1. What single numbered condition from (1) open to solvent by less than 30 Å² (accessible area, probe 1.4 Å); (2) in a helix (DSSP H, G or I); (3) farther than 17 Å from residue 188 by Cα; (4) not hydrophobic (A, V, I, L, M, F, W, C) fails to hold for residue 17?
2. Would you point out which residue out of 33, 22, 8 is touching a Leu at 6+ places or on another chain (Cβ under 8 Å) and open to solvent by less than 50 Å² (accessible area, probe 1.4 Å)?
3. Looking at residue 82, is it open to solvent by less than 60 Å² (accessible area, probe 1.4 Å), touching a strand residue (DSSP E or B) at 6+ places or on another chain (Cβ under 9 Å) and part of a loop (DSSP other than H, G, I, E, B)?
4. Quick check: is even one residue across segment 162-171 without any contact (Cβ under 8 Å) to a residue 60 or more places away in the chain and farther than 23 Å from residue 20 by Cβ?
5. Within segment 96-108, is there a residue that is within 26 Å of residue 207 (Cβ to Cβ), without any contact (Cβ under 8 Å) to a residue 12 or more places away in the chain, open to solvent by 80 Å² or more (accessible area, probe 1.4 Å) and not in a loop (DSSP other than H, G, I, E, B)?
6. Quick one: what pairs do we get from segment 18-36, first residue under 19 Å from residue 71 (Cβ atoms), second open to solvent by 20 Å² or more (accessible area, probe 1.4 Å), C-beta under 6 Å, 6+ apart or different chains?
7. I want to confirm something. Restricting to segment 180-225 and keeping residues that are over 30 Å from residue 145 (Cβ atoms), surrounded by 14 or more Cβ atoms within 10 Å (Cβ to Cβ) and aromatic (Phe, Trp, Tyr), which single residue is nearest to the chain's Cα centre (by Cα)?
8. Under 8 Å by Cβ, and 6 or more places apart or on different chains, what pairs join a residue from segment 176-188 that is over 8 Å from residue 45 (Cα atoms) and free of Cβ contacts under 8 Å to residues at least 40 places away in the same chain with one that is small (Gly, Ala, Ser) and surrounded by fewer than 22 Cβ atoms within 10 Å (Cβ to Cβ)?
Amino acid sequence: MSVDPDGAPFSLTRYRTLLAAARDAGYRPRGFAGGDPVAGDLLLRHDVDMSLEAAVRMAELEHEEGVVATYFLMTESVFYNLSSKVGRWALGRLRELGHHVGHHGAWPTAAAAPGFGFEPVLAWHTPEPHYMALPVDGALNVMDPRFTGDFTWTYRSDSNMAWRRGDPLADLRAGRFPWLQLLVPPLLWVYPGATMRETMAAFLDDDRRIRWERLRDERIELGEG
């Protein structure tokens, strides 16, 4: 896969380019709770499926760029635990950086467990079409038509390192979107790789390093070797 001057197609360098293009075209990042989108709004959305560390890294980059996004975190993830020391650190860091935090729910559990302080905003985890956009009691569903519009010109998402409905960079630069919900999964942009397999391998390598550090932090006796 070739690398263009804006960085690898899915990388933090490329993400900075997307943010710069949006800023230069006059788009304004905002959260989902601010009412129906209007011309010039940019709803940055990050579904955090596997890595809290990747989410915080992307959040720090956005803070450097003066950008606010909404991070959707799971209470039923098999990859991380929000009740742990690391989970509490990630929640606190995202909020410290000025970002919004909502619930990344696993169907049919829409109500977030108490204690995490989520905003009343929900993004389903790997949703099926028959419930993806249905109203949710007590929360805003980010796939409600009011937040996706006609999809063609108001919604873009990266799915497994492939843009659904096309790479938004050129259209952002040209200001062609009236407003836009932009879904970017942090893990796929933080870890390097030209394919999903390479990116997942980089994530797993780093996860192994992190877990060795946590073994030492927990004073686990590892012995020699």
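The values are calculated or read from the model by the stated rules, or taken from the named source; none is laboratory data. Values in this document were obtained by computation on a predicted structure and should not be read as measured data. Backbone-built Cβ (ideal geometry, glycine too); neighbour counts: all protein chains shown. All accessible areas refer to the heavy atoms of the entire protein, side chains included, with ligands and DNA or RNA removed. Shrake-Rupley method; radii C 1.70, N 1.55, O 1.52, S 1.80 Å.
1. Among (1) open to solvent by less than 30 Å² (accessible area, probe 1.4 Å); (2) in a helix (DSSP H, G or I); (3) farther than 17 Å from residue 188 by Cα; (4) not hydrophobic (A, V, I, L, M, F, W, C), residue 17 violates only (3).
2. One residue alone meets the criteria, 22.
3. When the stated conditions are applied, residue 82 passes them.
4. no
5. Yes, the conditions are met somewhere in segment 96-108.
6. 19/65; 29/68; 31/100; 32/140
7. 191
8. Close Cβ pairs (under 8 Å, with a partner that is small (Gly, Ala, Ser) and surrounded by fewer than 22 Cβ atoms within 10 Å (Cβ to Cβ)) do not exist here.
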